[in-house]
Amino acid sequence: MRHFAALLSCLLCIGALLPQPAAAQGRVVVETLRSQALQGNGIGDTPDRSITIHLPASYDRDPARRYPVVYLLHGATSDPKEWLDGSYQGMDLGADLDRVASDAEYIVVMPLANNRFGGSFYVNSAAFGRWEDFITKELVRYIDARYRTLPVRQSRGLAGQSMGGFGALYLAGRHADTFGHVYAMSPCCLGFVGDLAMESDRWRQAPRGWLRAMAIAFAPGDDGGVSTDSPPLPFVVGTGGRMQDVAAVIRTWRSYMPLDRLMRDPSPYRQLCSIALDAGLQDQIPSVTLGAAAFSKELDRVGITHTFEAFTGTHTDHTRERFEKSVIPFFARTLAAQGRPGACAHE
């Protein structure tokens, strides 16, 4: 018996030293979709949009299986490839997705929404093009036609960071018949709070960066003739140096801002199967944390179940951790649950 135990121990040691089988890996596909919704936009941007798609590890070896889909929207001045090639906080989103249990795999679709102003904000815009139509109609149809998806809203999710978090909440609230789940990471621009409030000094300066892109995207009108140098703002310096509101512009901005939309009519958000959002307590953009907290509070007020986490961190310093520990598991859990009775109470 002692000899057998010694032999077993030796075999176990040898086995530990041998190369271990590599974990099954998914596949990344990059395609170009020529969009009718983006043709003729006011800034002459190309309607040919790059689409990065991560297919689960089992996709090629299980040809009869169909998969849920998560549409992942990037932030201003960003690019989906940063989440995959290690150039952003060492992130390898593909490897993180490969670690998801096989019974919770899903396809991830990442459209490139950048432009020379930093981003589209994922809304229908005279200047930037009809991005809402592109994401919610053209892109969804394209993916469902080319890949083995589960083409129902209970099996579709929206996620995004910063500008993408805004886009995720905005689009989910307008297209609950298309998307069942949403996760907004550090979502920007949800309402007129913090640095977007009327009393903020931000309105005393010419808009730059993401605020300039936002002002162009939200500009009233449909003729594409908005000034990209001086887009209309909701608040301006009036006589005596006091801030004044511009009612027409405010109305248009409020029609886009998810917090205002939720306060006017919570019913679209009530139709969603699951809602989650987060924000860093040390975010450099005050309207992000304040807006996310206000959105969560309003969901509580109207009795809509959701998850909100205020984490220790800034706008982007915990992005990798948030993906690994929160976003990917959230969709693995919620999408895998859709086959169970009562998983989405609104069906």
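Only the coordinates and a few stated rules stand behind these numbers; no lab work does. Here the structure is a predicted model, which is why all the values come from computation and not from measurement. FYI the Cβ positions are ideal-geometry reconstructions off the backbone, even for glycines, and counts take in every protein chain you see.
Around the Cα centre of segment 27-339, unit charges on the Cβ atoms of Lys, Arg, Asp and Glu (plus for the first two, minus for the last two) sum to a dipole of about 540 debye. Using only side-chain charges placed at the Cβ, +1 for Lys and Arg and -1 for Asp and Glu, the dipole size of segment 118-194 relative to its Cα centre rounds to 200 debye. For G40, the amide hydrogen comes within under 5 Å of no other amide hydrogen, counting only partners 5 or more places away or on other chains and with H modelled in the peptide plane.
Residues C344, C188 in ascending order of nearby Cβ atoms (within 10 Å, fewest first): C344, C188. Sorted ascending by nearby beta carbons within 10 Å, beginning with the fewest, V249, V226, V288 become V249, V226, V288. Projected over every direction and averaged, the convex hull enclosing the alpha-carbon atoms of the chain yields 21.8 nm².
The residue among V236, A184, I250 whose Cα reaches farthest toward the positive pole of the charge dipole of the chain, with charges on the beta-carbon of Lys, Arg, Asp and Glu, is A184. Using only alpha carbons, segment 190-244 has a radius of gyration to Kirkwood radius ratio (Rg to Rh) of 0.97. Between K81 and A145, the modelled label-to-label distance comes to 2.6 nm, taking each label 7 Å out from Cα in the direction of the beta carbon.
Kindly work out what percent of the DSSP beta bridges joining two residues of the chain are antiparallel, to the nearest 5.
40
Nearest 0.05, what FRET efficiency do S227 and S255 give at R0 = 22 Å with Cβ-Cβ as r? Don't jump to the answer; show the numbers that get you there.
Values: r = 20 Å, r/R0 = 0.92.
Here the calculated transfer efficiency is 0.60.
Within the listed set A336, A76, A217, the Gaussian network model of the chain (springs between alpha-carbon atoms below 10 Å) gives the highest mean-square fluctuation for A336.
Which is farthest toward the positive dipole end of the chain among Y106, A37, P220, measuring Cα position about the Cα centre, with Cβ charges +1 (Lys, Arg) and -1 (Asp, Glu)? The residue sitting most towards the positive pole is Y106.
The slack in the chain from K137 to E309, taken as 0.36 nm per residue of separation less the alpha-carbon distance, amounts to 58.9 nm. Residue order for Y59, Y183, fewest other beta carbons within 10 angstrom first, comes to Y59, Y183. Relative contact order of segment 27-339, taken over Cα pairs closer than 8 Å and 6 or more residues apart, is 18 percent.
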